[in-house]
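The values are calculated or read from the model by the stated rules, or taken from the named source; none is laboratory data. Note that the coordinates shown come from a computational prediction; the quantities given were computed from them, not determined experimentally. Counting neighbours? That spans all protein chains shown, and the Cβs are built from the backbone with ideal geometry, glycine included. Just so you know, the surface numbers come from the protein's heavy atoms only, side chains and all, with ligands and any DNA or RNA stripped out. Shrake-Rupley method; radii C 1.70, N 1.55, O 1.52, S 1.80 Å.
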Amino acid sequence: MRPFVFLGVLLTLIGCGHPEPSRVSSLQLLDLDGQPFDLWKLQQDAITVVLFTRTDCPIANRCAPEYCRLYDKYNSLGVKFFLIYIDPLESVDAIRRHVHEYGYQCPALRDSQHTFVAHCNATTTPEAVVFKKDRSIAYAGRVDDLYLEVGKPRAEATTHDLADAIESTLHGQPVANPRTKAIGCLIADLKD
């Protein structure tokens with residue numbers, strides 16, 4: 001392997017770069033039956049939205065109605081939505097209960113090894129990522145500004161970052177604010 005290619009792969013694996021779209025196809029997640037799930041295999045030529053979450057994060061749970069609303073609005077327009085559960089200690093039964101309790105209609109996947117977390121440079125739950133049709137990242141960050149910081153919610157959100165990002169991406173326009181700071185539970189706190 002040439003040194004430059006090796007360095008690019010190494011940087012990608014440790015989260016210091018974004019793989020080329022063709023390399024993203026090799027990222028495997030697990031479905032709730034424990035089977036490998038290639039996020040891109042069935043989502044060719046679609047805008048894809050993922051939400052990094054966990055069952056015990058109160059801020060992630062509080063954003064569930066907004067994520068469900070966005071699914072209801074944009075899924076029929078061809079936007080694909082996924083929940084990515086990142087806690088390696090969460091049981092499949094707990095995840096299934098969580099999906100049912102919060103009314104999620106989109107597929108739930110697991111990333112207990114945090115390979116997809118690293119690819120997206122995600123740090124917090126809830127953290128959303130919008131991928132363009134070419135699998136490049138159009139937006140990464142908060143769902144909205146409901147929380148100013150942990151423990152300090154607003155009565156209601158005033159900025160709907162994820163909705164704006166989806167709308168811009170659907171219209172082929174750049175996202176005005178492509179990276180925002182997600183407020184919530186730190187992914188780095190999870191240990192396998």
(message) Being of a type in the set (D, E, K, R) and touching a residue at least 12 places away in the same chain (Cβ under 8 Å) is the requirement here; does Glu149 meet it?
(response) yes
(message) Pull out all pairs, ordered by first then second residue, where Cβ-Cβ is under 7 Å, the residues are six or more apart or on different chains, the first lies in segment 167-182 and is in contact (Cβ under 8 Å) with a residue 40 or more places away in the chain, and the second is open to solvent by 100 Å² or more (accessible area, probe 1.4 Å).
(response) Leu170/Leu77
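Yes or no, residue by residue, for (1) touching a Cys at 6+ places or on another chain (Cβ under 8 Å); (2) outside any loop (DSSP other than H, G, I, E, B); (3) not basic (Lys, Arg):
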position: Trp40; (1), (2), (3): no, no, yes
position: Asp45; (1), (2), (3): no, no, yes
position: Val50; (1), (2), (3): yes, yes, yes
position: Asp56; (1), (2), (3): yes, no, yes
position: Ile59; (1), (2), (3): yes, yes, yes
position: Leu70; (1), (2), (3): no, yes, yes
position: Lys73; (1), (2), (3): no, yes, no
position: Ser76; (1), (2), (3): no, yes, yes
(request) Tell me, yes or no, whether segment 102-112 has at least one residue that is modelled with pLDDT under 95 and either in contact with an Asp or Glu (Cβ under 9 Å, 6 or more places away or on another chain) or loosely packed, with under 15 Cβ neighbours inside 10 Å (or both). (result) yes
(request) Kindly check whether there is at least one residue in segment 141-158 that is open to solvent by 30 Å² or more (accessible area, probe 1.4 Å), closer than 17 Å to Ala64 by Cα and touching a Phe, Trp or Tyr at 6+ places or on another chain (Cβ under 9 Å). (result) yes
(request) Could you tell me whether segment 119-131 includes any residue that is in a loop (DSSP other than H, G, I, E, B), under 25 Å from Lys41 (Cβ atoms) and open to solvent by 80 Å² or more (accessible area, probe 1.4 Å)? (result) no
(message) What's the total number of residues in segment 164-192 that are open to solvent by less than 100 Å² (accessible area, probe 1.4 Å) and in contact with a Pro (Cβ under 7 Å, 6 or more places away or on another chain)?
(response) 4
(message) So for segment 27-46 (the condition being at pLDDT 50 or above, among the small types (Gly, Ala, Ser) and over 21 Å from Gln113 (Cβ atoms)), does at least one residue qualify?
(response) yes
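Kindly evaluate Asp87 against the criterion of being open to solvent by 10 Å² or more (accessible area, probe 1.4 Å), assigned to a loop (DSSP other than H, G, I, E, B), farther than 17 Å from Leu30 by Cα and not hydroxyl-bearing (Ser, Thr, Tyr).
Details: open to solvent by 10 Å² or more (accessible area, probe 1.4 Å): yes; assigned to a loop (DSSP other than H, G, I, E, B): yes; farther than 17 Å from Leu30 by Cα: no; not hydroxyl-bearing (Ser, Thr, Tyr): yes.
Considered against the rule, which asks whether it is open to solvent by 10 Å² or more (accessible area, probe 1.4 Å), assigned to a loop (DSSP other than H, G, I, E, B), farther than 17 Å from Leu30 by Cα and not hydroxyl-bearing (Ser, Thr, Tyr), Asp87 comes out as no.
Would you pick out the residues in segment 66-84 that are touching an Asp or Glu at 6+ places or on another chain (Cβ under 7 Å) and either among the basic types (Lys, Arg) or open to solvent by less than 10 Å² (accessible area, probe 1.4 Å) (or both)? Can you show your working first?
So the first thing to find is which residues in segment 66-84 are touching an Asp or Glu at 6+ places or on another chain (Cβ under 7 Å), and the list is 66, 84.
Across segment 66-84, the qualifying residue is only Ile84.
Condition check ((1) in contact with a Cys (Cβ under 9 Å, 6 or more places away or on another chain); (2) farther than 22 Å from Ala46 by Cβ; (3) modelled with pLDDT of 95 or more) across all residues:
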position: Asp144; (1), (2), (3): yes, yes, no
position: Lys152; (1), (2), (3): no, yes, no
position: Ala155; (1), (2), (3): no, yes, no
position: Thr159; (1), (2), (3): no, yes, no
position: Ala165; (1), (2), (3): no, no, yes
position: Ser168; (1), (2), (3): no, no, yes
position: Gln173; (1), (2), (3): no, no, yes
position: Pro178; (1), (2), (3): no, no, yes
position: Gly184; (1), (2), (3): yes, yes, no
(request) For segment 101-150, name all the residues that are over 12 Å from Thr180 (Cβ atoms) and of a type in the set (Phe, Trp, Tyr). (result) Tyr102, Tyr104, Phe116, Phe131
